[in-house]
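To start, the structure under review is shown below, and the notes come after it.
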Amino acid sequence: MVSISEQARPQPPRKEGVGADAPYLDGLNPEQREAVEAIDGPVLVLAGAGTGKTRVLTTRLAHILATGRARPFELLAVTFTNKAAREMKIRVGQLIGEAVEGVPWLGTFHSIAAQILRRHAELVELKSSFTILDTDDQLRLIKQILQAEGIDEKRWVPRHFASLLDGWKNKGLTPDRIPEEDKWAFADGKAQHLYALYQERLQVLNACDFGDLLMHTLTIFQTHPDVLAQYHAKFRYLLVDEYQDTNVAQYLWLRLLAQGSKNICCVGDDDQSIYGWRGAEVDNILRFENDFPGAKVIRLERNYRSTEHILGAASGLITANKSRLGKTLWTEDTGGDKVQVRGLWDGEAEARFIADEIESHVRGGGSYADIAVLVRASWQMRAFEDRFIMLGLPYKVIGGPRFFEGAE
C-alpha cells in the first residue's frame with residue numbers, strides 16, 4: 001500500500017499565544033481537558049451519558065484549529081446526523097471566534113462518502129453525476145427486477161429484499177461476497193443473483209442507493225491504494241462521534257483512512273449501543289486498542305445531568321453487561337428522588353397506573369406541565385392516549401402526531 005509519511009507533508013504554521021491558557025479550555029474538568037489536549041496518536045474517549053461529550057468534541061476540533069496543528073480542510077470530522085454536524089460547526093466557531101465553514105470534511109458518514117465517491121466515481125463504473133435513490137425509488141427498482149425474473153412479490157416482499165440489501169451493504173459485502181446461508185434468504189436461493197442484477201441495474205441508471213455511498217468508497221480504497229494515499233495525505237486528524245454505533249462498513253472505512261496519520265479520536269459509549277438492528281457493531285469500540293496499538297483511553301465519568309440515585313440505579317443495571325470496557329459515572333448532585341420500579345401486567349395496566357399517578361399529582365397541587373411520559377417506541381403511545389382521552393387529561397405528543405390524528 002502506498003503511504004505518505006508525516007515528515008513528507010508540509011506542516012501548517014503553529015499559532016503563537018494559543019495553548020494551555022486558551023479561554024476555550026476554561027471550565028473543562030481534568031478528564032475533558034485531557035481528551036481535548038491529547039491531540040497526537042489514537043485516542044478513545046469513553047463518554048458516559050451526560051458527561052459533556054459534545055463539548056469535548058467541539059473543543060478538541062477548535063483546539064486543533066486554534067493551535068495551527070491543521071488547516072480546516074485537513075480535518076475529517078464524522079457525525080451521525082446532519083443536525084449534529086451543523087451544531088458542531090456553530091459551536092466551534094463560537095469557541096475560536098471565526099467561521100468554520102471552511103471545514104469541508106465535517107458531516108455524516110454518508111455525506112462525506114458521497115463527496116469522495118463523486119470525485120472517483122469512474123473507478124466503480126459510475127459517472128460523477130450519479131443520482132442517489134431514496135427508499136421509494138429503491139423499492140420500485142426491486143419490484144421491476146422481481147417482475148422481470150418472474151418472482152411473486154406477494155410471496156417474496158420487495159421491502160424484505162431491500163432490508164437484506166441494506167444489511168449486506170452495512171457489512172461491506174458485494175454480491176460475490178455474501179455468505180452461503182444468505183443466498184437462501186430470499187426467493188429460494190436467488191438472493192445473490194438478484195443482488196447482482198440490482199447492482200447492474202443501478203450502474204445502467206448511473207445511480208446508487210444509500211448503502212452504496214460507503215460500500216463503493218470502501219471498494220475504491222481497497223482496490224486503489226494510490227487513491228487511499230491521497231486521503232492519507234489530506235487528513236491530518238480524524239474525529240468520530242458515536243463510535244459505538246458504527247457498522248462494519250463504517251468501521252472498515254474509518255480504519256483504512258486512519259492508517260495515514262493515525263491521529264484518530266473516537267468518542268463513544270460502549271454502554272449506549274442501541275443500533276444493533278441497523279447493523280451497528282459494539283465490538284468496534286471494544287477492539288479499538290487492538291486496532292490502534294498504543295491508543296490512549298480517556299474516561300469521562302463525571303455526569304452533569306442526573307442525580308446520584310439515578311446514576312446508582314443505571315450503573316447497577318449496566319454492570320451486568322459482559323461486553324463493555326467499564327466506567328463508573330459519578331455526580332456532585334447527591335441525593336435526589338429514588339428510582340421506583342413497578343411491574344405491571346400489560347400496556348393497558350401501565351396506562352391506567354400512569355394516569356392515576358398524574359391525577360394524584362394534580363390533585364396535590366401539581367401541574368400537568370410537570371409530567372413527561374417517555375416511551376421506547378411510538379406504538380406504545382396508543383394505550384396512553386386511549387386512557388388520557390377517556391379521563392380528559394390534556395397531553396401533547398412530542399416528535400410526531402397524536403395516534404388519532406393519523407389519516408387511517
Filter segment 56-84 for residues that are open to solvent by 10 Å² or more (accessible area, probe 1.4 Å) and small (Gly, Ala, Ser); the one that is modelled with the lowest pLDDT is 84
Failed condition for residue 177, given (1) in contact with a helix residue (DSSP H, G or I) (Cβ under 7 Å, 6 or more places away or on another chain); (2) at pLDDT below 95, with all others met? (1)
Residue 387 vs (1) at pLDDT 90 or above; (2) among the basic types (Lys, Arg); (3) assigned to a loop (DSSP other than H, G, I, E, B); (4) open to solvent by less than 80 Å² (accessible area, probe 1.4 Å): all pass except (3)
With the checklist (1) modelled with pLDDT under 85; (2) basic (Lys, Arg); (3) surrounded by fewer than 14 Cβ atoms within 10 Å (Cβ to Cβ) in hand, flag the one item residue 363 doesn't pass. (1)
May I ask you to list the residues in segment 99-157 that are assigned to a loop (DSSP other than H, G, I, E, B), aliphatic (A, V, I, L, M) and either farther than 22 Å from residue 71 by Cα or open to solvent by 70 Å² or more (accessible area, probe 1.4 Å) (or both)? 99, 126, 133, 151, 157
Here the qualifying pairs (Cβ atoms under 9 Å; residues six or more apart or on different chains; first in segment 382-400 and closer than 20 Å to residue 359 by Cβ; second among the polar types (S, T, N, Q) and open to solvent by 60 Å² or more (accessible area, probe 1.4 Å)) come out as 397/378
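What about residue 314, is it of a type outside the set (D, E, K, R) and in contact with a helix residue (DSSP H, G or I) (Cβ under 8 Å, 6 or more places away or on another chain)?
Against the criterion (of a type outside the set (D, E, K, R) and in contact with a helix residue (DSSP H, G or I) (Cβ under 8 Å, 6 or more places away or on another chain)), residue 314 does not qualify.
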Mind checking whether some residue in segment 159-171 is part of a loop (DSSP other than H, G, I, E, B) and at pLDDT below 95? yes
Contacts under 7 angstrom Cβ, first residue in segment 338-354 being without any contact (Cβ under 8 Å) to a residue 24 or more places away in the chain and assigned to a loop (DSSP other than H, G, I, E, B), partner of a type outside the set (Ser, Thr, Tyr) and surrounded by 12 or more Cβ atoms within 10 Å (Cβ to Cβ), 6 or more apart: 342/353; 344/350; 344/353
If you go through segment 167-211, how many residues are of a type in the set (Asp, Glu) and either within 17 Å of residue 139 (Cβ to Cβ) or open to solvent by less than 30 Å² (accessible area, probe 1.4 Å) (or both)? 1
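Take residue 330 and tell me if it is closer than 18 Å to residue 53 by Cβ and open to solvent by 80 Å² or more (accessible area, probe 1.4 Å).
It is true that residue 330 is closer than 18 Å to residue 53 by Cβ and open to solvent by 80 Å² or more (accessible area, probe 1.4 Å).
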Apart from one, (1) open to solvent by 90 Å² or more (accessible area, probe 1.4 Å); (2) touching a helix residue (DSSP H, G or I) at 6+ places or on another chain (Cβ under 9 Å) all hold for residue 397; the odd one out is (1)
Among the residues of segment 366-384, which ones are of a type in the set (Gly, Ala, Ser) and surrounded by 11 or more Cβ atoms within 10 Å (Cβ to Cβ)? 366, 378, 383
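Can you tell me which residue is nearest to residue 272 (Cα to Cα) among those in segment 235-251 that are among the aromatic types (Phe, Trp, Tyr) and outside any helix (DSSP H, G or I)? Reasoning before the result, please.
Initially, segment 235-251 is screened for residues among the aromatic types (Phe, Trp, Tyr), giving 235, 237, 243, 251.
Now drop any that are not outside any helix (DSSP H, G or I), which leaves 235, 237.
Values: 235: 29, 237: 25 Å.
Restricting to residues being among the aromatic types (Phe, Trp, Tyr) and outside any helix (DSSP H, G or I), the top hit is 237.
For (1) open to solvent by less than 10 Å² (accessible area, probe 1.4 Å); (2) assigned to a strand (DSSP E or B), each residue gets a yes or a no:
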site: 256; (1), (2): no, no
site: 260; (1), (2): no, no
site: 266; (1), (2): yes, yes
site: 270; (1), (2): yes, no
site: 273; (1), (2): no, no
site: 284; (1), (2): yes, no
site: 289; (1), (2): no, no
site: 304; (1), (2): no, no
site: 313; (1), (2): no, no
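Considering segment 172-227 alone, what residues qualify as being of a type in the set (Asp, Glu) and outside any helix (DSSP H, G or I)?
Quick first cut of segment 172-227, residues of a type in the set (Asp, Glu) only: 176, 180-182, 188, 200, 209, 212, 226.
Passing the criteria: 188, 209.
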If residue 34 satisfies every condition in (1) within 22 Å of the chain's Cα centre (by Cα); (2) at pLDDT 90 or above but one, which is the exception? (1)
Determine, yes or no, whether residue 232 is assigned to a helix (DSSP H, G or I) and closer than 30 Å to residue 56 by Cα. yes
Out of 218, 214, 228, I need the residue that is buried (at least 17 other Cβ atoms within 10 Å of the Cβ) and farther than 26 Å from residue 162 by Cα. Which one? 228
Can you tell me which residue in segment 333-360 is nearest to residue 267 (Cα to Cα), limited to those that are open to solvent by 50 Å² or more (accessible area, probe 1.4 Å) and among the small types (Gly, Ala, Ser)? 343
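The values are calculated or read from the model by the stated rules, or taken from the named source; none is laboratory data. Owing to the predicted nature of the structure, the values given are computational and were not obtained by experimental measurement. Here Cβ is always computed from backbone atoms with ideal geometry, including for glycine, and neighbour counts include all displayed protein chains. For accessibility, only protein heavy atoms count, side chains too; no ligands or nucleic acids. Shrake-Rupley method; radii C 1.70, N 1.55, O 1.52, S 1.80 Å.
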